[in-house]
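For reference, the structure discussed in these notes is given below.
The values are calculated or read from the model by the stated rules, or taken from the named source; none is laboratory data. These numbers come from a predicted model, not from an experiment. Methodologically, a virtual Cβ is constructed for each residue, glycine included, from the backbone with ideal geometry; neighbour enumeration extends over all protein chains shown. We work out accessible area using only protein heavy atoms, side chains counted, and drop any ligands, DNA or RNA first. Shrake-Rupley method; radii C 1.70, N 1.55, O 1.52, S 1.80 Å.
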Amino acid sequence: MVERNYAKPGEVMYHTGLTKELLEGARYALVPGDPGRVEGLAKALDPQARFLAYHREFHSWLARVQGAPVLVMSTGMGGPCITFTVEELARLGVTTFLRVGTTGSLREDLDLGDVVISKAAVRLDGASKAYAPIEYPAVPDLDVTLALRQAAEELAVPYKLGVTVTTDSFWPGQERYDSFGGYVVRRLQGSLREWQALGCSNYEMEAATLFTLTSVLGLRAGAICGVVAKRTDSESVAPRGIYELAERRFQQVSRRAVELLLAQDSR
Ligand code: URA
């Protein structure tokens, strides 16, 4: 068994600016990509949530759910940012990561504002290859995923469980032609259609990296994303109102999932 490199008392994590003391023993972290979503998410968990730190793309607040400390920290976008998140938060004692974010749907029956709970992810990212060979599967933790599903059911939030395609590029990687250059390399032309034919549900940019790292390191993760682009109809992202609906839904579902997991973990 490899010795784990936990943080020493008072040690400040270089990228996130956090310490063990600031986390007050938090073992759960909700990790949206966007720093602008952190405060709202933290306050949806706990109206008394408080600001902790803001370093680079890592904006952190601490909430309490049923008395248990829960960190809410943005990751920024893409796989490399996830490696900083998992590496530094694991050193501070976080064991369970919930990605909450936005996504583009690949299925006709996933509408704008619906949520996708990932049951696996395709590793089109680059960062996870530093942690495990590409044959290693990117899968979330089963208990975390079931808690997300139960929460969505209880709250009657429209959701699908699906295989997520995680890319390193929002434009050619997700076969978008509305980029500055307008070109998609030949290798990726037709890729959207192929992921649909393979039954995949959605595109986003962080889940596979998070799942690979947490599996390899003996940690837990799950992911829930609100649909803000319906790729069966268009390349565009939806207007603000849809973001707000998606955000409200993933806030509600992630809060209830944390409650369910806390109850399970205390048994
Ligand atoms: N996030 C993505 O990565 N793709 C989308 O289409 C929407 C959100």
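Per-structure values
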| quantity | calculated |
| --- | --- |
| Qualifying residue in the range 159-178 (condition: away from the ligand (no atom under 16 Å from the Cβ), open to solvent by less than 50 Å² (accessible area, probe 1.4 Å) and without any contact (Cβ under 8 Å) to a residue 24 or more places away in the chain) | no |
| Hey, residue 237 among the hydrophobic types (A, V, I, L, M, F, W, C) and at pLDDT below 95 or not | yes |
| Strands (runs of 3 or more DSSP E) (entirely within the range 35-93) containing at least 2 residues that are among the small types (Gly, Ala, Ser) and out of contact with any Lys or Arg (no Cβ under 6 Å at 6 or more places or on another chain) | 58-65 |
| Out of 241, 226, sole residue that is under 18 Å from residue 111 (Cα atoms) and within 17 Å of the chain's Cα centre (by Cα) | 226 |
| Qualifying positions in the range 173-210 - more than 25 Å from the chain's Cα centre (by Cα) and in a helix (DSSP H, G or I) | 186, 187 |
| Search result, residues across the range 1-19 that are surrounded by fewer than 19 Cβ atoms within 10 Å (Cβ to Cβ) and within 23 Å of residue 144 (Cβ to Cβ) | 4, 6 |
| Evaluation of residue 234 against (1) in a helix (DSSP H, G or I); (2) free of Cβ contacts under 8 Å to residues at least 60 places away in the same chain (one fails), failing number | (1) |
| Where residue 114 falls short, out of the listed (1) open to solvent by 10 Å² or more (accessible area, probe 1.4 Å); (2) under 30 Å from residue 156 (Cβ atoms); (3) more than 16 Å from the ligand (Cβ to nearest atom) | (3) |
| Selected residue (only one of 83, 96, 103 is open to solvent by less than 10 Å² (accessible area, probe 1.4 Å), over 22 Å from residue 196 (Cα atoms) and of a type outside the set (Gly, Ala, Ser)) | 96 |
| Qualifying residues in the range 130-149 (those that are touching a residue at least 24 places away in the same chain (Cβ under 8 Å) and of a type in the set (A, V, I, L, M, F, W, C)) - the one surrounded by the most Cβ atoms within 10 Å (Cβ to Cβ) | 148 |
| Scope the range 181-235; condition of a type in the set (Ser, Thr, Tyr) and either within 9 Å of the ligand (Cβ to nearest atom) or open to solvent by less than 10 Å² (accessible area, probe 1.4 Å) (or both); matching residues | 201, 203, 209, 212, 214 |
